[in-house]
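What follows is a single structure, written as structure tokens, with notes after it.
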Amino acid sequence: MDKIKYEIKHFDSINETIYHGILQNGLEIYFVPKKGFKEKYAMLATRFGALDLNFIPHGGQKPHMFKAGIAHFLEHKMFEQPDGSNAFNKFSDMGLNANAFTEYKMTAYYFSGTQNFFSGLNHLISYVNTPYFTEENVEKEKGIIIQEMKMYEDNPYSMMYYNLLRNLYVNSYLNIDIIGTEESVSSMSVKELYDCYNTFYRPENMTLFVVGDLDFDEVVENVVKSYSKIEVNQNEPFTFEGSGLIEGKDFEDITIKFNEMYTRPKSIQPSEPREVATKEKYLDLDIANPIFMLAIKENEIPTMKDYINPAKKQKYIDLCKSMGLRLLFDRGSEIHNDLYDRGLINDSFSFSYTSNLKYGFAMALGETKYPEEVVGALKEIIKSDIEDRIKYEDFELEKKRYTGSFIASMDAMTNIAHAFISGAFDGFNFMDMLDLIKNISFEDVIKYTREILNLEASTVLIGRKSIKEVAEDE
């Protein structure tokens, strides 16, 4: 049997194809062809985010606790190049749009445009693999990030959100802002940045996602050329030789070979108790109307060892919970209409669910003149028989909305790349989403929605103008 270099999967339900290969240097590549599309898009991401603070550095023997915000700091520093240039400027010169972001479980660098794609791809790979940290430029960056921190402090919703997470989580690093603290940023060192970079910014810990009217073989050829041009990092050399695709009798064989060649770094996460850190808190803000947030922490992210594809099962459960919460609280629902007619909520009200394999929580938020009354009403609703409030005919309509929304999202390249890589890091293929939606059962929506709506692990945060300011206004 001839060996293969990559797998090709076609998804009939959405008429999309995904190419998947792994370079011998460990880099995983996904490609979605989009015939007739002028715009092309590439995202290079590493499995390193704000939650990855405690881990064994590459070449080390013992776990080390790193400073809060180091993943975000590292993202900032990657744009400065040894020749004094800024990676953003070069993208602009090529007529391409570029940016980067840091989340709790990943950091990603991306660009898009209608021209000079392979020049942009070469530049993306080059600058992400060319760390340049000095005492001088790290010290300069500290001031920039602290200024960014102060900008977030001027945004009431950002302040509310991060305070809410601190209310929810006792030990999890979710209770620390992604950007870090002024103290942690001010004390960041060059050595710490290189330790993190050399541990997590290795090809075997990264994934490249490309989408556009391109040919996969040409994409791979250009990626290999780009890696072959990278100068060896003297602090911690990578092996870029022999960076063609790993070959095997099938893709399972290719994956086995990858696992024999590489071990990805793992961070150590603290255990999280059932109870929340703070049940209720008021926050003084410079706002006209109060803002409320009510959040419920997952009892426990369910173990999925008994499932063939645990990430797929987890995504199914997430969809059930999200759909159930929308059916209960979204605009047009019986609950939403009642709260709106009573003047307790306005168009800012929303109820959402956030989850992955590491954490999950449901959250209601909005602006209102009566925050305590809204929270009280929501708690009473949550304690009631929600099974009687979700109608089967509404469930069927919601499935159709989810289906339409997913199909529409396949034309938004940023959405595809972000959702696909995020899912891939958990072991889930984003292209399977439509089949999951079609297979959602009404009974499971009821079951899993009831599961998340457990006030035992809930917290309330209310942002308001300080009592002193109110008195002065009067």
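The values are calculated or read from the model by the stated rules, or taken from the named source; none is laboratory data. It should be emphasised that the depicted structure is a prediction, and the values quoted were computed from it without experimental measurement. All Cβ positions, glycine included, derive from the backbone under ideal geometry; neighbour counts span all protein chains shown.
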All conditions in (1) touching a Lys or Arg at 6+ places or on another chain (Cβ under 7 Å); (2) buried (at least 21 other Cβ atoms within 10 Å of the Cβ) are true of residue 187 except (2)
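Got a sec? Which of 100, 108 is crowded, with 22+ Cβ neighbours inside 10 Å and under 20 Å from the mean Cα position of the chain (by Cα)? Reasoning before the result, please.
On the way: 100 fails: crowded, with 22+ Cβ neighbours inside 10 Å.
Going through 100, 108 in turn, just one is crowded, with 22+ Cβ neighbours inside 10 Å and under 20 Å from the mean Cα position of the chain (by Cα): 108.
If you take the residues in the range 120-160 that are assigned to a helix (DSSP H, G or I) and among the hydroxyl-bearing types (Ser, Thr, Tyr), which one is surrounded by the most Cβ atoms within 10 Å (Cβ to Cβ)?
Of the range 120-160, the ones assigned to a helix (DSSP H, G or I) are 120-128, 135-153, 156-160.
From what's left, among the hydroxyl-bearing types (Ser, Thr, Tyr): 126-127, 152, 157-158.
Details: 126: 17, 127: 24, 152: 15, 157: 16, 158: 14.
Top of the filtered list is 127.
For the range 9-18, how many residues are in contact (Cβ under 8 Å) with a residue 12 or more places away in the chain, part of a strand (DSSP E or B) and more than 22 Å from the chain's Cα centre (by Cα)?
So the answer is 4.
Listed here are the residues, each with its yes/no results for (1) modelled with pLDDT of 95 or more; (2) more than 24 Å from residue 104 (Cβ to Cβ).
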site: 384; (1), (2): no, yes
site: 416; (1), (2): no, no
site: 419; (1), (2): no, no
site: 423; (1), (2): no, no
site: 434; (1), (2): no, yes
site: 442; (1), (2): yes, yes
site: 455; (1), (2): no, yes
site: 460; (1), (2): yes, no
site: 470; (1), (2): no, yes
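Can you tell me how many residues in the range 79-119 are part of a helix (DSSP H, G or I) and of a type in the set (Asp, Glu)? Can you show your working first?
To start, the set of residues in the range 79-119 that are part of a helix (DSSP H, G or I) comprises 87-93, 117-119.
Imposing the further condition that a residue be of a type in the set (Asp, Glu) reduces the set to 93.
So the answer is 1.
Give the residues of the range 19-78 that are of a type in the set (Gly, Ala, Ser) and assigned to a strand (DSSP E or B), sorted by residue number.
Our first condition is that a residue be of a type in the set (Gly, Ala, Ser); within the range 19-78, this holds for 21, 26, 36, 42, 45, 49-50, 59-60, 68-69, 71.
Within the range 19-78, 21, 42, 45 meet the criteria.
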Every pair of residues 6+ apart whose Cβ atoms lie under 9 Å, when the first sits in the range 362-391 and is farther than 29 Å from residue 444 by Cβ while the second is assigned to a helix (DSSP H, G or I) and among the β-branched types (Val, Ile, Thr): 368/374
Restricting to helices (runs of 4 or more DSSP H) lying wholly in the range 398-466: which have 2 or more residues that are of a type in the set (A, V, I, L, M, F, W, C) and closer than 30 Å to residue 384 by Cβ? 433-439, 442-452
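Could you tell me which of the residues 163, 222, 167 is touching a Ser or Thr at 6+ places or on another chain (Cβ under 6 Å), buried (at least 16 other Cβ atoms within 10 Å of the Cβ) and either modelled with pLDDT of 95 or more or not in a loop (DSSP other than H, G, I, E, B) (or both)? Write out each step before concluding.
On the way: 163 fails: touching a Ser or Thr at 6+ places or on another chain (Cβ under 6 Å); 222 fails: touching a Ser or Thr at 6+ places or on another chain (Cβ under 6 Å).
One residue alone meets the criteria, 167.
When you look at residue 31, is it touching a Pro at 6+ places or on another chain (Cβ under 7 Å), at pLDDT 95 or above, of a type outside the set (S, T, N, Q) and assigned by TED's automatic domain parsing to the domain that holds residue 172, yes or no? It would help to see each step written out before you state the result.
Working: touching a Pro at 6+ places or on another chain (Cβ under 7 Å): no; at pLDDT 95 or above: yes; of a type outside the set (S, T, N, Q): yes; assigned by TED's automatic domain parsing to the domain that holds residue 172: yes.
Answer is no for this residue.
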Check off (1) under 20 Å from residue 456 (Cβ atoms); (2) of a type in the set (Lys, Arg); (3) modelled with pLDDT under 95 for residue 358 and give me the number that stays unchecked. (1)
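Being touching a Phe, Trp or Tyr at 6+ places or on another chain (Cβ under 7 Å), within 30 Å of residue 206 (Cα to Cα) and without any contact (Cβ under 8 Å) to a residue 60 or more places away in the chain is the requirement here; does residue 419 meet it? Reasoning before the result, please.
On the way: touching a Phe, Trp or Tyr at 6+ places or on another chain (Cβ under 7 Å): yes; within 30 Å of residue 206 (Cα to Cα): yes; without any contact (Cβ under 8 Å) to a residue 60 or more places away in the chain: yes.
Spelling it out, residue 419 is indeed touching a Phe, Trp or Tyr at 6+ places or on another chain (Cβ under 7 Å), within 30 Å of residue 206 (Cα to Cα) and without any contact (Cβ under 8 Å) to a residue 60 or more places away in the chain.
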